Amino acid sequence: MRKKEEKIAYCFLLPSLFGTTVFIFLPFLDVVRRSFFQAVGGTFVGLGNYREVLHNAAFLQALSHTVKFFGICLPILLTVSFGMAVGILQLPGPGKWIESLFLLPMALPVASIVVFWKLLFHDNGGINQLLSWFGLKGSDWMNTGAAFGVLVGTYIWKNLGYDMILWLTGLAAISGEQYEAAKVSGANRFQIFVYITLPQMKTCAVMTGILSFINAFRVFREAYLIAGEYPHNSIYMLQHLFYNWFTKLDIQKMSAAAVMLAAGISILFLLLEWWNEKEERQ
Amino acid sequence: MKERKIWKRAAVFMLSSGLIAGMFTGCGRRSQEEKALQAKGRFVESEIALPEGTGRPLGMEYGEEGLRLYTSSADEQYYQSYIYENDMWSAPREEKWLTDGKERLGMNLVDIYLGRDGKNYATAETGQGIHLLTAEEDGTARDVTPFKEADQETADISDVTVLRDGTIGIGEYRNAMVEFYKAGELVFSTEGIQAGSEEQIMLEASDKTIALVGQDTTSIEFYSAADFAKKNTISTGQNLQDCFLVPGEGGVWYFVNAKGIHRVTEDGSISEMIMDGINGMMNNEVTWFLRRFIMGSEEEFYGLYSNADQDWKLMKYAFDKEAAAFREETLRIFSMKESSTVTLAVNEFKRRYPDVQVEYNTAVTGEETPTADHIRTLNAELLGGSGADVLILDGLPMESYMEKGVLADLSGLAKGLEQSGVLSNVIEGTAQKDGKIYAIPARVNIPVLFGTQNEKNACESIDSLHAYAQENPDKRLFGVTSHDLTGMTLFHMFYEEMKTEEGTISEEKLSSLISAWMQISKNGDFQKYEKEYFESEESIWPLLDKSFCTSQTVPEEDTYADVIEMEGLMASQMVYTGAKKAGNQLQDLKGYYVPKVIAGVNASSKQPKLSNAFLECLFTETVQQTEAWEGFPVLNSVLETYPDYVESKEGQKHTMQYSGINYVTGERYEETMTYPTREETEALIAMLKGLKSPFIQDRIISDTVQKELEKCYTKKQSPEETAKVICRKIDTYLAE
């Protein structure tokens, strides 16, 4: 019976699987192939492209900035969004409209956000105007180290609502009876949170973390539209590098870097998955 | 239950199949060969030789007798016409009314019109404007200009049409108005297209409808000829400046522009191209100008063209049922911006290979500036194997393409071109790698330094520039310039000096250069003059398409220096006039030449032979000798004609007038610019042949520098900070 159900399930999955294979997996296999060849012409170079990328100063710089960005953004986003989810859960029924409010940034088109950001952070923009009222000197925000903070803020602002919804889903899955039993046993709110809520959110945390990680790559759109192909160093990330490599037709480097990136992320996700399963078994 | 399961499975299977099948839509292709064999019929262009021994063609019409061509007599004493019938011209018939207009009324004929009322009309000029004449039965001309002031002054008529009832429609190009007069009374007027010249076509009429070119230059407005009620406006999506409108039958209209011949309907239901301009002379705007375009019988058209030398051609466009709709072979050419040199070469190529379809595509049109997105689009095509056969590499990452094997080896072709007289320094210096040549420029700009000696010396190095700026706080170093022109030119001038061994830029030297530039700007009081004399705060540097340009005209200062990138013999007039004023010879700028119209062949091209043939066309005398303002020719035989030309009567006649403002006194001054002398021209050609260093502006570096210099100039950051930011960005770019 289970096998039969599985077969039917696969039948329904087939079109999507087919599309994913044709439009994502197969092209990626082509990328893997290209990473061992010259850009144009088909000359096999073995691991030459990988060596070139690993010794490329721009790649190392972009990688470090990307890792820094992820290392700062993700913990802040996950923590803040989780805290807000917990807080919103306490709100009475009519207060639930706040959830929708936090989802608005995600619904805004990138172009609109860029225009707004430019108005805010431009030399003659809103923030500098505000500072001048208080006798303070403004700055060209997107061309100084402050650009990193702006990008982190943009990412967190945009994804806060989305992550919060994911957390809320996980929180809602925890049975209310457990909380009641804990209260009856004399546990205080902190103890309930630490011993009942947190342990049961591990799976949700992994999933939210993975989705936030993927969404973090999308912040390139805002960074590129606001600050161009060569922004301030602090926000020069891997996506900028890939974009510029494509302009120069450095496809071989792009492919090698993409394969390494995919491999690194896959290993990370596999480790997370393994840890998650281990926790579940426990 | 079992039956239900079968239905479920069937539904799942059908849904899945439908989805999968939908993904393959469009994947099937009929072979190109099958298509080519099946489709026949297209418009073809053919030339009709003009009558022998005749004078200047003036206009034409198509009436009951067929095509009638009006010309002056060979001695320009009278006017005559010929009928074209059975592939022959009739004997000339004197057009007495036109001659009468010239002799009796003292008017020189401008254009001929056949009114919808069946009468002949002509526009003729006096010293006081354009008049409209019509032929009387007795062979005299009658002035029927609908409006005249007491002193016979009339408006600047650029276009005329006459309706069936004799109502005269006038297009006035200066105030962009279209007016209709009946028996001398104004019965209708409206705004028309802003005419670029007095030859602008603004209106046309059929029996029932009047068509006007819209003010937006892309639409056509239709009005009723009976009561001038507006019928409809259609958007053509085409540039209608310099187009010709032709009425057809039954609400069908035609218009011709450089893109080709188009058919539209008044109700907007049809808008199509019936002949691609690339297959006709209308596309050859650089040398041949379309002067008149009319329809004959049943979608047959005639176009009268002239060139700068007052040569004329009459071309016929007719539908040939037997001609293949698709030519077997297609050659695709791509450039970032439109190039007149390439257009000339395309026409030369079409002349040599009439059976090959040529597609010339550009990333942008008009004044638009190409961006990195256009390069990425091209790269995607190149990677997919579908890129153009011939690539014009101006603005493209040529070095990268050479490294990646995108460009074909042109060493064999280059050798042949060298033997036929193309400059070897230009062939070998521009795009050579590992002993192979991958691209060849069809034109070159020559950057030169000229001015008074002291000021020229200041331009030797960054240190000398600095010293001059410090020692001469009240002097303008450069001529009629602005901060952006000066800043970018200085950056390019000293780029090699600032480069380190690792290939990056020295922050210290760049900082010193920027400081010197700021001092020069301050000394010259650029801010004051830019505010007073410049219309806009926007930088004009991106529009110049040059790497070196400190001035756009001859200054009036006593002492100055200028660095100008000369883009041809005509452009050299300004430079030599300026150099004469400074009492000094001009000199080359560090041996630089700026290659332009750099042509390469796509290594994946399926038409390598045709691609090479096209490249050969770029270096023919026909193409090289035409002044296109895209650089000097690189063909020796053309360069060698220059010394004779500058001394000839024609060369002496070609002067340019300039009126400028002395930025110090604020007074206007006039300048007449002439060609260099024979000796100067010979020296210039010798200089060109000795230039060894190609300078190709890197768009990324230039854009970065320009943005940061702008911030420094507006005091948003110091020269040191600016240098730091520029170096960091350039380092990142070069490190990639």
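The values are calculated or read from the model by the stated rules, or taken from the named source; none is laboratory data. All values reported here derive from a predicted model rather than from experimental measurement. Ideal geometry is used to build each Cβ from the backbone, glycine not excepted, and the neighbour counts take in all protein chains shown. Quick note on the areas: whole protein, heavy atoms, side chains included, nothing else; ligands and nucleic acids left out. Shrake-Rupley method; radii C 1.70, N 1.55, O 1.52, S 1.80 Å.
The set of residues from the range B:70-93 being part of a loop (DSSP other than H, G, I, E, B) and surrounded by fewer than 11 Cβ atoms within 10 Å (Cβ to Cβ) comprises B:D75, B:N86, B:D87, B:A91.
Every residue in the range B:169-188 that is surrounded by fewer than 17 Cβ atoms within 10 Å (Cβ to Cβ) and more than 33 Å from the chain's Cα centre (by Cα), please. Those that are surrounded by fewer than 17 Cβ atoms within 10 Å (Cβ to Cβ) and more than 33 Å from the chain's Cα centre (by Cα): B:K182, B:A183, B:G184, B:E185, B:L186, B:V187, B:F188. The sole residue among A:I174, A:I192 that is under 18 Å from A:G83 (Cα atoms) and not in a helix (DSSP H, G or I) is A:I174. Would you confirm, using the coordinates I've provided, whether B:V575 is over 26 Å from B:K475 (Cα atoms), assigned to a helix (DSSP H, G or I) and either among the hydrophobic types (A, V, I, L, M, F, W, C) or open to solvent by less than 10 Å² (accessible area, probe 1.4 Å) (or both)? Criteria not met by B:V575.
From the list B:E501, B:E530, B:E497, the lone residue that is at negative phi, part of a helix (DSSP H, G or I) and at pLDDT below 90 is B:E530. Taking the numbered list (1) more than 9 Å from chain B (Cβ to nearest Cβ); (2) of a type in the set (S, T, N, Q); (3) open to solvent by less than 20 Å² (accessible area, probe 1.4 Å) in turn, A:S266 passes all entries but (3).
Here is a yes/no grid of residues against (1) within 14 Å of chain B (Cβ to nearest Cβ); (2) more than 17 Å from A:D250 (Cα to Cα); (3) open to solvent by 50 Å² or more (accessible area, probe 1.4 Å):
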| site | (1), (2), (3) |
| --- | --- |
| A:E5 | yes, yes, yes |
| A:C11 | yes, yes, yes |
| A:G19 | yes, yes, no |
| A:L29 | no, yes, yes |
| A:V53 | yes, no, no |
| A:A57 | yes, no, yes |
| A:H65 | yes, yes, no |
| A:F70 | no, yes, no |
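At least 2 residues being among the aliphatic types (A, V, I, L, M) is the threshold, and among the strands (runs of 3 or more DSSP E) wholly inside the range B:232-309 those reaching it are B:244-247, B:252-257, B:260-265, B:271-276, B:289-295. Filtered by the rule that a residue be at the interface with chain B (Cβ under 8 Å from one of its Cβ atoms), over 12 Å from A:F37 (Cβ atoms) and not in a loop (DSSP other than H, G, I, E, B), the range A:244-259 gives A:N244, A:W245, A:F246, A:T247.
In the range B:404-426, the residue that is nearest to the other protein chains (Cβ to nearest Cβ) out of those that are part of a helix (DSSP H, G or I) and surrounded by fewer than 18 Cβ atoms within 10 Å (Cβ to Cβ) is B:S411.
Where strands (runs of 3 or more DSSP E) fall entirely within the range B:586-695, those with at least 2 residues that are open to solvent by less than 10 Å² (accessible area, probe 1.4 Å) are at B:592-601. The helices (runs of 4 or more DSSP H) falling completely within the range A:1-105 that include 2 or more residues that are farther than 26 Å from A:L166 by Cα and among the charged types (D, E, K, R) map to A:2-20, A:26-34, A:48-54. Within the range A:232-239, one or more residues are within 14 Å of chain B (Cβ to nearest Cβ), touching a residue at least 12 places away in the same chain (Cβ under 8 Å), under 16 Å from the mean Cα position of the chain (by Cα) and open to solvent by 20 Å² or more (accessible area, probe 1.4 Å). When we screen A:N143, A:N159 for residues that are within 21 Å of A:V219 (Cα to Cα) and within 14 Å of chain B (Cβ to nearest Cβ), the only hit is A:N143. The C-beta contact set for the range B:362-384 (first residue within 19 Å of B:I700 (Cα to Cα) and facing chain A (nearest Cβ under 9 Å), second residue open to solvent by less than 40 Å² (accessible area, probe 1.4 Å) and of a type in the set (A, V, I, L, M), distance under 6 angstrom, 6+ apart or interchain) comprises B:N379/A:L249.
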